[in-house]
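The values are calculated or read from the model by the stated rules, or taken from the named source; none is laboratory data. Just so it is clear, the structure is predicted and the values come from calculations on it, not from any experiment. Positions of Cβ are backbone-derived with ideal geometry, glycine not excepted, and every protein chain shown enters the neighbour counts. To get the accessible areas, we keep the full protein, side chains included, count just its heavy atoms, and leave off ligands, DNA and RNA. Shrake-Rupley method; radii C 1.70, N 1.55, O 1.52, S 1.80 Å.
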Amino acid sequence: QVQLVESGGGLVQPGGSLRLSCIASGSIVSINDMGWYRQAPGKQRELVASVNSRGANINYADTVEGRFTISRDNAKNTVYLEMNSLKPEDTAVYYCNIYPPRWNYWGQGTQVTVSS
């Protein structure tokens, strides 16, 4: 059974930074393209960033381009999301999943709240 566990969220002031981590059971990180997604209250879940299995092809949503950085450590089955210059509109629950996502891989996510 695949498990993806996100961590690193919290409350941060506008302009602050957070680093999210996603640890996977098994070897799914090393063999799959991975993505970070987020869902804000009342909105659909959206893709924030994706990285291919070798880390060579990275894409970002326009809303986070230049502020967020996705990376991966296949040896640790872990994917990271470095978030800088956070804005209130970044407030959401953040999830990782393979890319494109599988419905049965969603974890609990980690809450990110950007507020003064």
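Some observations on this one:
- Alpha-carbon centroids, the stretch 1-44 and the stretch 86-111: separation in whole Å: 5 Å
- Value of D in µm² per second that Stokes-Einstein yields for the chain, Kirkwood Rh from Cα pairs, at 20 °C (1.002 mPa s): 154 µm²/s
- Using the Karplus relation 6.51 cos²θ - 1.76 cosθ + 1.60 with θ = phi - 60°, the per-residue 3J(HN,Hα) values for the stretch 81-90 come to 9, 8, 10, 10, 6, 5, 10, x, 6, 7 Hz, with x marking Gly and Pro.
- Counted charge near A40, where neighbours are those whose Cβ lies closer than 13 Å (Asp, Glu -1; Lys, Arg +1): +1
- Rounded to the nearest 20, the Cβ-based charge dipole of the stretch 57-107 about its Cα centre (Lys and Arg +1, Asp and Glu -1) stands at 220 debye.
- Solvent-accessible surface (1.4 angstrom probe) belonging to E82, in square angstrom, nearest 10: 60 Å²
- Kirkwood-type hydrodynamic radius, the stretch 1-67: 13.7 Å, calculated from all non-identical alpha-carbon pairs.
- Residue (of V2, T113, G66) at the positive-pole extreme of the chain, dipole from beta-carbon charges: V2
- For the stretch 19-32, Karplus couplings with θ = phi - 60° (6.51, -1.76, 1.60), whole Hz, Gly/Pro x: 10, 8, 10, 9, 9, 10, 6, x, 10, 5, 5, 6, 10, 10
- Among C22, G55, M83 - extreme Cα towards positive end, dipole of the chain, charges at beta-carbon: C22
- Gaussian network model of the chain, springs between alpha carbon atoms under 10 Å - residue of Y94, Y37, Y105 with greatest fluctuation: Y105
- Taking Cα centre as origin and charging only the Cβ of basic (Lys, Arg, +1) and acidic (Asp, Glu, -1) residues, the dipole magnitude of the stretch 1-77 rounds to 100 debye.
- Accessible-area order (highest first, 1.4 angstrom probe) of the listed residues S21, S116, S71: S116, S71, S21
- Karplus 3J(HN,Hα) series, Hz, for the stretch 37-49 with 6.51 cos²θ - 1.76 cosθ + 1.60 (x for Gly, Pro): 10, 8, 9, 8, x, x, 10, 6, 5, 10, 7, 9, 7
- An ellipsoid equivalent to the stretch 48-116, defined through the eigenvalues of its Cα gyration tensor, has semi-axes of 21, 15, 11 Å when rounded to whole angstrom and sorted largest first.
- Per residue, the chain exposes 54 Å² of accessible surface when a 1.4 Å probe is rolled over the protein heavy atoms with every protein chain present.
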